[in-house]
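The values are calculated or read from the model by the stated rules, or taken from the named source; none is laboratory data. These numbers come from a predicted model, not from an experiment. Glycine gets a Cβ as well: all are built from the backbone with ideal geometry, and neighbour counts include every protein chain shown.
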Protein chains: 2
Amino acid sequence: MYGVILAGGSGTRFWPLSREEYPKQLLKIFGNQTLIQATFSRVSDLIPPEHLSIITNAQQAEQIRLQLSSLTTKPLFILEPAARNTAAAVGLAAMMLRKKDQDGTMVVFSADHYIRDNAALLRSLHLAEKVAEKGYLVTLGAKPTRPETAYGYTQEGKPLRDHPPAAVVQRFIEKPDRERAEQYCASGDTLWNTGIFAWRVSTILEEIKSFLPELAEGLRQIEADLGTAKEEETLQRIYPQLPSISIDYGVLEKSDRMAVIPTDMGWDDVGSWNALDHVLPRNDDGNIITGNVVNVGSEQCVIYGGKRLVAVVGLQDVVVADTEDATLVCAKEKAQDVREVVKVLKDRDNGDEHRVHRTVIRAWGSYTVLEEGKGYKIKRIVVNPGAKLSLQMHRKRSEHWVVVSGTARVTCGESVFTIQTNQSSFVPMGVKHRLENPTEEPLQLIEVQCGTYLGEDDITRYEDIYGRIKGSSKNREA
Amino acid sequence: MYGVILAGGSGTRFWPLSREEYPKQLLKIFGNQTLIQATFSRVSDLIPPEHLSIITNAQQAEQIRLQLSSLTTKPLFILEPAARNTAAAVGLAAMMLRKKDQDGTMVVFSADHYIRDNAALLRSLHLAEKVAEKGYLVTLGAKPTRPETAYGYTQEGKPLRDHPPAAVVQRFIEKPDRERAEQYCASGDTLWNTGIFAWRVSTILEEIKSFLPELAEGLRQIEADLGTAKEEETLQRIYPQLPSISIDYGVLEKSDRMAVIPTDMGWDDVGSWNALDHVLPRNDDGNIITGNVVNVGSEQCVIYGGKRLVAVVGLQDVVVADTEDATLVCAKEKAQDVREVVKVLKDRDNGDEHRVHRTVIRAWGSYTVLEEGKGYKIKRIVVNPGAKLSLQMHRKRSEHWVVVSGTARVTCGESVFTIQTNQSSFVPMGVKHRLENPTEEPLQLIEVQCGTYLGEDDITRYEDIYGRIKGSSKNREA
């Protein structure tokens with residue numbers, strides 16, 4: 001059995017906690033693991049890491065790698081050159097698996113779902129494997145616990161007698177209105193469509209060929225060059241041209257080989273801020289509150305604070321999500337409209353609040369932009385023990401470094417020297433330099449940049465232990 | 001005619017825009033003047049600055065002086081050693097005026113009211129002076145424009161025939177409930193009590209003697225030492241013991257010498273965030289919005305943003321007030337409860353968000369705390385052209401300075417030197433130092449402090465052009 005994790009979130013629904021370059025799956029929303037970490041632990045009893053692929057873009061792959069860095073066996077990363085929705089992603093993954101194991105069964109997961117009862121999930125996947133081996137496309141259906149209008153539904157048809165409680169799918173239902181959702185909820189045979197699928201590699205590729213011939217043809221062209229010198233070039237050329245359609249709409253709703261397995265696993269998509277109500281514990285006032293928050297008389301609210309102070313007074317059914325550089329205040333019932341905010345931000349000339357956080361995590365540590373003004377920018381830089389930034393140079397800025405904890409080894413031009421807490425160093429414009437933490441303790445320093453242009457793309461890299469010399473334009477920071 | 005401005009706000013009602021050390025009167029809420037500046041311009045046609053006193057505490061006096069620094073003639077500052085409510089403040093001011101002009105008339109203003117029609121105010125004050133000369137205690141009454149339950153009311157009695165439309169006061173009414181407020185609003189003879197008063201110095205002192213003999217006795221003791229070497233010591237000793245009561249409750253509601261002048265001047269107390277609705281223009285959605293705000297579908301809201309991004313989605317009748325270090329989100333109808341938040345903050349062991357802003361304004365410029373962490377603190381410091389900080393020393397911290405615009409003259413131990421943009425300097429712990437801006441352009445620098453204790457009170461001053469050597473414990477910064 002193989003697992004494919006779709007991890008291509010766009011970071012809009014949980015903005016400002018999620019960002020374009022830091023979507024929901026990278027966040028700790030429900031506990032002390034991020035969602036991608038939780039997805040990984042969830043399936044690890046069933047599918048070993050070397051049988052797992054993560055399909056995502058290059059930027060998120062870097063972050064996911066960091067979050068999974070404690071694994072001894074690494075999963076395979078499949079990098080989408082562009083986002084083309086789930087049919088193309090599933091097709092690409094299936095086509096790559098076919099090279100390895102023609103008769104394999106693949107399970108498709110989302111990277112950012114909530115599942116309360118993991119054992120129930122695993123039991124269902126065991127069954128799903130058997131049903132998939134019969135040539136079915138299997139979807140897991142969750143018993144609805146409320147008349148949710150934001151989810152799709154699956155109606156059960158004839159039972160598959162050899163594999164109870166599996167059944168053929170009678171029909172798929174798009175997001176219903178409230179009244180119909182209540183009917184489905186009461187019906188007993190209509191389930192939430194979870195987006196967790198299982199099928200044989202050959203079955204899904206056949207069905208793609210039947211219902212999405214254009215996608216099948218594109219995949220065929222990519223397949224022809226897989227493992228050759230042209231692989232990357234072909235993928236870059238063909239993939240962005242593939243039809244952009246969901247696997248549900250493009251294949252599953254049309255196929256007559258669909259089966260569903262009803263599963264009581266406490267599944268939730270948690271697709272927006274108000275959905276946290278269904279999965280996180282509330283206090284006596286019905287509030288979900290984290291962080292530095294003072295509440296005077298608010299009820300039924302979700303208040304996600306951090307280090308900054310947030311005070312809420314007399315609110316009812318409101319979501320407040322606060323980050324260092326942006327605050328969202330949203331009526332719970334309008335939580336879906338958060339994406340409209342992100343659209344507005346994308347269209348603005350200035351500001352990066354839709355794209356990145358003030359703190360950006362890198363393989364070597366992290367940096368936090370503390371302030372940017374005319375002619376200067378201030379960052380706090382944390383370098384992990386033993387880590388080193390690239391040997392680099394900036395054409396348009398100088399950098400002043402003050403160590404506030406730990407020890408830094410600094411390369412500046414021809415000199416290499418060490419500075420300690422309460423010592424500083426200066427890197428003039430145009431001079432090759434490198435920052436390292438040679439110790440076992442984290443290094444923290446304050447960087448004051450001075451210059452006429454302070455964009456992260458003013459960087460020339462000469463050496464980098466994280467392989468960021470090629471295509472450096474994609475890498476926004478040291 | 002003399003004016004006394006009561007400027008002792010506690011900064012709770014407009015938190016987080018107002019702070020304990022930066023109350024409402026120091027803010028630009030309605031336009032391009034702060035409220036204290038507006039109060040000054042408002043009365044300057046009638047009362048010259050040298051006839052104006054401002055009664056406030058030392059901390060706020062410093063800020064008010066800065067805001068009024070463009071005036072050629074400075075008002076007199078009367079510093080309250082402690083806040084003892086309005087009866088004591090009015091009594092002290094009256095007693096000081098008696099020294100100057102026994103027969104003078106004094107007008108009492110609040111520093112933080114809104115008045116739309118200034119000409120109407122001045123006309124009423126002209127009349128008030130005449131009525132006061134007859135021995136009345138005069139209060140201006142504003143015609144109610146809505147059934148406000150947060151204000152006190154004054155009912156007109158018998159007209160003063162020689163001075164229309166002045167009348168004797170029939171009675172004072174405490175904050176009414178909604179139903180009674182509606183009756184008063186419709187009655188035609190019941191007015192909002194504005195807290196703008198006029199009376200002869202001798203009259204108010206007589207009435208204080210009648211109704212607040214303990215206050216009168218305390219004032220007498222202070223008066224005895226006024227102008228002597230013991231003045232300050234006596235004030236510090238006696239004033240904090242004076243009865244703490246409002247002039248309204250302690251004197252006016254008991255006196256039978258009260259007159260009221262109905263005035264249609266567009267007065268409002270603007271006592272809390274929701275009251276902005278009555279004085280600021282709304283956009284088509286009924287919102288009042290300033291700053292870096294993205295709104296998707298919110299209506300009837302007050303959104304006070306700044307540089308940070310605030311996004312509001314689908315809100316109704318909510319106030320959002322965002323500052324660098326704290327955000328308030330408040331149901332409009334619960335705006336009075338913002339003071340409860342400030343109470344909670346005062347009781348916390350950590351955090352200064354009730355007391356000061358991240359940016360603190362000083363006579364020499366300003367500083368902004370950008371970040372504080374274990375062992376370090378980062379400030380952006382702006383030094384005005386020609387200004388200089390005190391010659392000072394810190395026992396427990398070093399300071400790294402990086403100039404990001406302008407030129408600094410630095411004294412460090414025995415050396416005096418100049419550093420320019422993109423140059424830095426280091427002040428070791430325990431070394432006397434001074435920072436000056438010798439140029440005509442503002443100087444901006446980033447200070448990284450390193451040390452075990454980083455409180456503003458770790459400062460020993462040796463020379464200071466702003467007179468802050470004495471009682472330096474009161475001055476929290478260089």
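Quick notes on this structure:
- Looking only at residues in segment A:331-389 that are facing chain B (nearest Cβ under 9 Å) and among the hydroxyl-bearing types (S, T, Y), the one that is surrounded by the fewest Cβ atoms within 10 Å (Cβ to Cβ) is A:T368.
- Any chance B:D103 is buried (at least 24 other Cβ atoms within 10 Å of the Cβ), touching a residue at least 12 places away in the same chain (Cβ under 8 Å) and assigned to a loop (DSSP other than H, G, I, E, B): no
- Test result for B:T203, of a type in the set (S, T, N, Q) and surrounded by fewer than 14 Cβ atoms within 10 Å (Cβ to Cβ): no
- The lone exception for B:Y239 - which of (1) touching a Pro at 6+ places or on another chain (Cβ under 6 Å); (2) of a type outside the set (A, V, I, L, M, F, W, C); (3) closer than 18 Å to B:G141 by Cα it fails: (3)
- Filter pass, B:G365 being at pLDDT 95 or above, touching a Lys or Arg at 6+ places or on another chain (Cβ under 8 Å) and outside the structural domain of B:A326 (by TED's automatic domain parsing): no
- Screening segment A:288-313 for residues that are buried (at least 23 other Cβ atoms within 10 Å of the Cβ) and facing chain B (nearest Cβ under 7 Å) and picking the one that is farthest from the chain's Cα centre (by Cα) gives A:V313.
- Just one of the listed residues (B:V260, B:V270) is part of a strand (DSSP E or B), within 29 Å of B:V107 (Cβ to Cβ) and β-branched (V, I, T), and it is B:V260.
Results for (1) under 22 Å from B:I378 (Cα atoms); (2) under 36 Å from the mean Cα position of the chain (by Cα); (3) not in a strand (DSSP E or B), shown as yes or no for each residue.
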residue	(1), (2), (3)
A:Q392	no, yes, no
A:R395	no, yes, yes
A:V416	no, no, no
A:V448	yes, yes, no
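- Residues of segment B:96-118 satisfying the condition of being farther than 24 Å from B:H278 by Cα and in contact with a Gly (Cβ under 6 Å, 6 or more places away or on another chain): B:L97, B:V107
- Within segment A:193-209, being more than 14 Å from A:T86 (Cβ to Cβ) and touching a residue at least 12 places away in the same chain (Cβ under 8 Å) holds for A:A198, A:R200, A:V201, A:S202, A:T203, A:L205.
- Residues satisfying the stated conditions in segment A:30-56, i.e. among the hydrophobic types (A, V, I, L, M, F, W, C) and either outside any loop (DSSP other than H, G, I, E, B) or crowded, with 23+ Cβ neighbours inside 10 Å (or both): A:L35, A:I36, A:A38, A:F40, A:V43, A:L52, A:I54, A:I55
- Residue in segment B:400-411 that is away from chain A (no Cβ under 14 Å) and part of a loop (DSSP other than H, G, I, E, B) present: no
- Residues being surrounded by 20 or more Cβ atoms within 10 Å (Cβ to Cβ) and of a type in the set (K, R) - total across segment A:390-402: 1
- Scoring A:E148 on the criteria (1) of a type in the set (D, E, K, R); (2) closer than 26 Å to A:V279 by Cα; (3) surrounded by fewer than 16 Cβ atoms within 10 Å (Cβ to Cβ) leaves a single failure, condition (3).
- Filtering A:K28, A:K24 for residues that are at pLDDT 90 or above, farther than 18 Å from A:I196 by Cα and out of contact with any strand residue (DSSP E or B) (no Cβ under 8 Å at 6 or more places or on another chain) leaves a single hit, A:K28.
- Flag for A:S44 being over 9 Å from the mean Cα position of the chain (by Cα) and at pLDDT below 90: yes
- Filtered residue count, segment A:424-446, keeping only those that are surrounded by 19 or more Cβ atoms within 10 Å (Cβ to Cβ) and either part of a loop (DSSP other than H, G, I, E, B) or not assigned by TED's automatic domain parsing to the domain that holds A:L389 (or both): 1
- Set A:D337, A:D264: member being acidic (D, E) and either outside the structural domain of A:G152 (by TED's automatic domain parsing) or free of Cβ contacts under 8 Å to residues at least 24 places away in the same chain (or both): A:D337
- Residue list for segment B:251-283, restricted to those being closer than 30 Å to B:E206 by Cβ and of a type in the set (K, R): B:K254, B:R257
- Meets criteria (of a type in the set (A, V, I, L, M, F, W, C), within 20 Å of the chain's Cα centre (by Cα) and under 20 Å from A:L205 (Cα atoms)) for A:I78: yes
- Looking only at segment A:242-287, and only at residues there that are within 14 Å of chain B (Cβ to nearest Cβ) and touching a Lys or Arg at 6+ places or on another chain (Cβ under 8 Å), the one that is modelled with the highest pLDDT: A:W273
- Looking only at segment B:418-442, and only at residues there that are within 13 Å of chain A (Cβ to nearest Cβ) and in contact (Cβ under 8 Å) with a residue 40 or more places away in the chain, the one that is nearest to B:I381 (Cα to Cα): B:P442
- Contacts under 9 angstrom Cβ, first residue in segment B:233-252 being farther than 25 Å from B:G195 by Cβ and surrounded by 16 or more Cβ atoms within 10 Å (Cβ to Cβ), partner at pLDDT below 95 and among the polar types (S, T, N, Q), 6 or more apart: B:T234/B:T228
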